[in-house]
Amino acid sequence: PEETVTSSFASFIHGVQPKHLSKAICHRSKRMILDSIGVGLVGSRTHVFNIALQYCRELYSSADVSSVYGKPGIKLSPTLAAFTNGVATHSMDFDDTWHPATHPSGAVLPALLAASQMLPPSTKPNGLDFLLAFNVGVEVQGRLMHFSSEAHNIPKRFHPPSVVGTMGSAAATAKLLSLSIAQCTHALGIAASFAGAPMANAATQAKPLHMGNATRLGFEAALLAARGMEANPFILDDIPGCSGFSAFYSAYEPKPLAVPSDHHEFLLEKQDIAFKRFPAHLGMHWVVDAALSVRNLFLNYAGSFSPSLIRTIVLKVPVSKYINRPYPSSEHEARHSFQFNACTALLDGEVGLSSFTENSIHRQELRELLDKVVVEHPEDNAANFDKMYGEVALLLHSGDVLTGKCDTFYGHWRNPLSRESLLKKFRSNASYVLSDEKIEAIIATVDNLENVSDCSQL
């Protein structure tokens with residue numbers, strides 16, 4: 001049969017081998033895996049996670065196979081464990097982010113962790129197989145996002161993990177389960193029918209469900225394909241008059257994915273990942289670093305942070321309606337508010353987990369700062385995580401103006417977290433659930449993952 005874009009992706013998923021993983025790709029993907037586990041563990045302490053877990057335990061019979069983040073006494077059926085752990089991973093918006101914009105790890109890792117426990121002992125994949133499947137899931141997401149220039153900007157219509165993440169989960173699981181080329185084709189087609197979630201649910205408790213559904217439904221697509229379910233074998237191709245994956249993107253220009261011979265350069269080698277230092281939408285990290293910068297100037301100017309000296313706070317940020325929230329009333333809205341995060345950084349000198357508690361959100365002194373905020377959208381400030389900047393200017397009653405600007409925050413792919421910083425974040429997150437001994441055991445296992453004989457140990 002004639003080679004198509006869809007068949008090229010299926011051939012890649014089936015044909016890529018551990019030898020194609022470079023040292024750089026192993027290093028970067030292990031950082032992603034460790035960070036995602038830590039984020040999932042601390043996310044298991046959130047209200048939205050508990051809602052999802054209780055839902056799964058009450059409404060579905062459990063096969064008691066796969067583990068749940070932060071709940072050592074509970075196991076669920078594999079796909080429900082993937083769903084619940086996906087919700088945990090995105091429950092605080094603390095998970096990694098890529099460019100074009102999506103959260104790649106959270107859509108893939110929970111499915112692979114659950115699947116590794118599902119397989120019988122005689123067919124358990126090793127750690128190198130696990131690393132390969134993880135990178136297949138990330139690679140497929142990245143390739144799909146390069147099919148349209150629309151994907152490069154901060155999203156407006158749908159939440160990207162609910163679309164490309166579902167496809168990535170299907171691809172990763174298909175690889176771990178060693179599906180045939182035909183089965184990989186159908187897994188992608190089935191996953192496309194499971195994909196999609198509107199951006200209107202950003203900043204609500206429903207947003208973490210996007211990640212839970214992506215990892216679970218991609219997993220289910222692979223399982224259905226393994227059992228003989230078929231779908232359109234041209235799902236990724238641009239077929240005039242009949243939308244496949246092109247239904248999600250305008251200006252759709254799909255490109256085949258070559259089957260590796262001796263070498264394959266993964267997109268993760270060209271484009272690193274952003275790791276978040278605090279649990280909020282990625283765009284918040286620019287304004288927080290800009291606010292911390294201008295706060296230091298203010299301390300040198302006035303000796304202490306005195307809000308009464310400030311007449312106006314000007315934020316210069318990109319146009320993005322769902323993260324322009326002057327007075328957030330919930331933790332999820334606060335995580336998606338330029339104004340809240342800038343003012344919290346000014347007031348407290350930091351933004352962290354405690355910044356999004358009910359008491360912190362509704363402080364009177366914070367409200368008084370929010371009242372002073374004016375938002376501007378300069379034409380040169382693109383709604384694009386690779387090009388945007390954040391600027392915070394304090395217009396003082398004295399007439400003086402102090403300004404802080406950030407075009408690359410610490411943790412951005414252009415300014416990656418050091419190993420020390422990444423481990424500090426992981427240990428802090430994991431400490432809400434695990435003992436120091438178990439935390440260090442996870443770090444050691446991930447560091448040595450390519451040499452682990454049974455990946456379900458993770």
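The values are calculated or read from the model by the stated rules, or taken from the named source; none is laboratory data. Keep in mind the model is a prediction, meaning the values are calculated, not measured. Positions of Cβ are generated from backbone atoms using ideal geometry, with glycine treated the same way; all protein chains shown enter the neighbour counts. The accessibility values were calculated without ligands, DNA or RNA, using every heavy atom of the protein model including side chains. Shrake-Rupley method; radii C 1.70, N 1.55, O 1.52, S 1.80 Å.
Just to be sure I understand, how many residues within the range 73-99 are surrounded by 24 or more Cβ atoms within 10 Å (Cβ to Cβ) and without any contact (Cβ under 8 Å) to a residue 40 or more places away in the chain?
Adding up the residues that qualify gives 2.
Each row is one residue, and each column tells you yes or no for (1) open to solvent by 10 Å² or more (accessible area, probe 1.4 Å); (2) in contact (Cβ under 8 Å) with a residue 12 or more places away in the chain; (3) not charged (D, E, K, R).
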{"site": "Phe12", "(1), (2), (3)": "no, yes, yes"}
{"site": "Val16", "(1), (2), (3)": "no, yes, yes"}
{"site": "Lys19", "(1), (2), (3)": "yes, no, no"}
{"site": "Leu34", "(1), (2), (3)": "no, yes, yes"}
{"site": "Val39", "(1), (2), (3)": "no, yes, yes"}
{"site": "His47", "(1), (2), (3)": "yes, yes, yes"}
{"site": "Ala63", "(1), (2), (3)": "yes, yes, yes"}
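If I ask for residues that are outside any loop (DSSP other than H, G, I, E, B) and without any contact (Cβ under 8 Å) to a residue 24 or more places away in the chain, which ones from the range 247-270 would you list?
Ala247, Lys270
Determine whether the range 321-332 contains at least one residue that is under 15 Å from Leu396 (Cα atoms) and either hydrophobic (A, V, I, L, M, F, W, C) or at pLDDT 95 or above (or both).
Within the range 321-332, not a single residue is under 15 Å from Leu396 (Cα atoms) and either hydrophobic (A, V, I, L, M, F, W, C) or at pLDDT 95 or above (or both).
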